[in-house]
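Below: one structure, written as C-alpha cells.
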Amino acid sequence: MDIQASIFSEKLIQWYEKHKRDLPWRQTKEPYLIWLSEIILQQTRVNQGLPYYLKFVEAFPTVVDMANAEEQEILRLWQGLGYYSRARNMHHSAKLIVEKYGGYFPTNYKEILQLKGVGGYTAAAIASFAFDEDVAVVDGNVYRVLARVFGIEEDIASSKGQKIFNELANILLPKGKSAQYNQAMMEFGAIHCKPSAPDCPSCIFVEKCLAFANKKQAILPIKIKNIKTKYRSFNYLVLEYDNKLMMKVRQEGDIWQGLYDFALVEEGDTAQASLLTDIFDHLKEVGLISMRSNYPVNGQSPILKEIIIINESKQYKHILTHQQITARFIHLKINAKEVADSIINAHQLKLYTLSEVHHLPKPTLIVNYLKENF
Ligand code: SF4
C-alpha cells in the first residue's frame, strides 16, 4: 500500500469536516431516519432525494407510522423516484420492525441485513451511522475512490473484486470512528473524486494516488457490464368515458408493480390477444393512428363504432436500468356505456376522474404524459 491506512483515514476525515454538505440525515443518530435516507438515496442523487426524504419524514415521523400506512400512500409519495420495489420493500420492513422488534430498529449489522431491500452497503451505513459499529460501507463512491487511490484494476462487478474492495475498506476504517469515516469516504467520492472530471489538482491524495500518477482516472474503477438492455414499445390506449379515464394497477412479474397505468398494447407481445389489440390493430389498419383530429372509427364491430380518436401523443422515451421504453398514447373517447363496460370487464380497468387519477401512484412516464396532455 502506497499510503498508510491511518494517514489515509485521517486525511479523509479532516477533508470531510471542512467540506461536508449539511444534510438532515447527518444530524441524527435515529436509525429509522438514517434507513429512510439510505433507501431513498439508493440509485438517486442527493438533490433529487432530499425533497422525498422531507416528505416521508413529515408523513411518517416514525417507523410505526410507516408500518401503519397503506401501500398506495407509500407509492404515491415515492412517485418519480423510480425503482418502486425499494418503496414496497421499505414498507414491508417497517411492518416487520413493528411485528418482530416491537417498533425498535434492529441494532447491529447482521440483523439490519435481514430487512428486505437492505444489502451489505445499506446495513453497514445504518450500523455505523446510528450505532457506531465498526463496519465499512462499500458503494459506488467507495469503489471509485479506492480503485483510483490504490490503483486497483479488478472488476468491481465480480465477486473477487468485491471481496478485495470490501477487505481494503475495512482495513482502512479507523476503529471507533466508523460513522465519520464512512460518511467521509462517500462524500469524498460524491463531490471530489467524481466519476468524470475528478478535481485532482486540489486533491488531498494527489501525491499518492496511483490513478493520477498513471493517468487512469477515466478507466478506474473497472466495471464489466454484461446485462443487455431490453427495448420495448408501448402503445397506450387512454380510454375516456363520461369524463373519466380508464386505468389499471400493474401486476407482479413486470416493471412498476402496484402503480397505475392505462390500457396497454405492447408491440411484439404475442400473448395478448384481446379486445384492446383488436381496437389498436383496427386503428392501424384503417390508418387512423397519427391523425390528430376527432375522427369516428368506422370499423365493422359495433364496439369500434362507438369510439372516437381524440389524439395521438408524440413519442415518449423512458429509460430504466435495463430497459428502454418508447411509448405513445392514443386518447380515445367511448360514447356508449355498454362498450365502456365490456372493455372495463375484459381488462381489469376502472374509471377515475382526473382528480382521482392525480392521486393514484403512477410511473413517471404516465405522470409526464398527463402533465402535458390533461
Ligand atoms: S488525485 Fe484525482 S483520481 Fe486521485 S483520488 Fe484525488 S481526485 Fe481522485
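Every number in this text was worked out from the coordinates using simple rules, so none of it is lab data. Note that the structure is a prediction, hence the values are computed from the model and not measured. In this analysis, Cβ positions are derived from the backbone assuming ideal geometry, glycine residues included, and neighbour counts consider all displayed protein chains.
Descriptive notes on the structure:
- Only beta bridges with both residues in the chain are counted; by DSSP, about 65 percent of them are antiparallel.
- Nearest-0.05 FRET efficiency for THR364 and LYS177, computed from C-beta distance (R0 56 Å): 0.90
- With the simple spin-label model, which puts each label point 7 Å out from Cα in the Cβ direction, the ILE222 to ASN89 separation comes to 2.8 nm.
- For the chain, the longest principal axis of the C-alpha atoms and the axis of helix 140-149 are separated by about 40°.
- Charge dipole of segment 5-213 about the Cα centre (unit charges at C-beta), most positive-ward option of PRO195, GLY80, ALA125: PRO195
- Over the residues of the chain, the helix contribution to mean residue ellipticity at 222 nm works out to -13500 deg cm²/dmol, using -39500 (n - 2.57) for each DSSP H run of at least 4.
- Restricting the calculation to Cα atoms, the chain shows an Rg/Rh of 1.07 when the hydrodynamic-style radius is the Kirkwood one.
- Segment GLN251-ALA336, extension gain: residue separation times 0.36 nm, minus the distance between their alpha carbons: 27.8 nm
- Inter-site label distance for VAL64 and TYR352 at 7 Å from Cα along Cβ, in nm: 3.2
- With a threshold of 26 Å on the Cα-Cα distance, the over-threshold entries among LYS160/LYS228; LYS55/LYS371; LYS163/LYS230; LYS95/LYS228; LYS55/LYS333; LYS55/LYS177 are LYS163/LYS230; LYS95/LYS228; LYS55/LYS333; LYS55/LYS177.
- Charges were assigned to the Cβ only: +1 to each Lys and Arg, -1 to each Asp and Glu. The resulting dipole of the chain about its Cα centre is roughly 880 debye.
- Summed side-chain charge close to PHE329 - residues other than PHE329 whose Cβ falls under 11 Å, Lys, Arg +1, Asp, Glu -1: -1
- Taking 0.36 nm per residue of separation and subtracting the Cα-Cα distance, full extension of the segment from ASP278 to GLN162 would add 36.7 nm.
- Cα centroid separation, segment 33-56 to segment 201-238 (Å): 22
- Residue by residue, segment 359-365 carries 3J(HN,Hα) couplings of 8, 7, x, 9, x, 4, 3 Hz when phi is fed to the Karplus relation 6.51 cos²θ - 1.76 cosθ + 1.60 (θ = phi - 60°); x denotes Gly or Pro.
- In this simple spin-label model, placing a label point 7 Å from the Cα along the Cα-to-Cβ direction at both GLU111 and GLN48 gives a separation of 3.4 nm.
- Annotation: for a label point projected 7 angstrom from Cα along Cα→Cβ of GLU372, residues of segment 236-264 with backbone N closer than 16 Å are 236-238.
- Given their separation in residues at 0.36 nm each and the Cα-Cα distance between them, SER202 and GLU99 gain 32.0 nm when the chain is fully extended.
- Proximal charge balance of LYS175 [Cβ under 15 Å; K/R count +1, D/E count -1]: -3
- The phi-based Karplus calculation (6.51 cos²θ - 1.76 cosθ + 1.60; θ = phi - 60°) puts the 3J(HN,Hα) values of segment 276-283 at 5, 5, 4, 4, 5, 4, 5, 4 Hz, whole numbers, x for Gly and Pro.
- Dipole magnitude of segment 5-213 about its Cα centre (Cβ charges: Lys, Arg +1; Asp, Glu -1), debye to nearest 20: 220
- Taking the chain and dividing mean pair separation by its residue count, relative contact order in percent (alpha carbons under 8 Å, at least six apart): 16
- Whole-number D in µm² s⁻¹ for segment 74-134, Kirkwood Cα-pair radius fed into Stokes-Einstein, 4 °C, 1.567 mPa s: 106
- Förster radius 22 Å - calculated FRET efficiency between ASN311 and ASN345, Cβ distance, rounded to 0.05: 0.25
- Taking Cα atoms only, the orientation of helix 120-131 departs from the longest principal axis of the chain by about 60 degrees.
- Taking only the Cα atoms of segment 161-203, the radius of gyration and Dmax are 12.1, 33 Å.
- Comparing PHE56, GLY151, LEU276 along the charge dipole axis of the chain, the residue lying farthest to the positive side is GLY151, per the Cβ-charge model.
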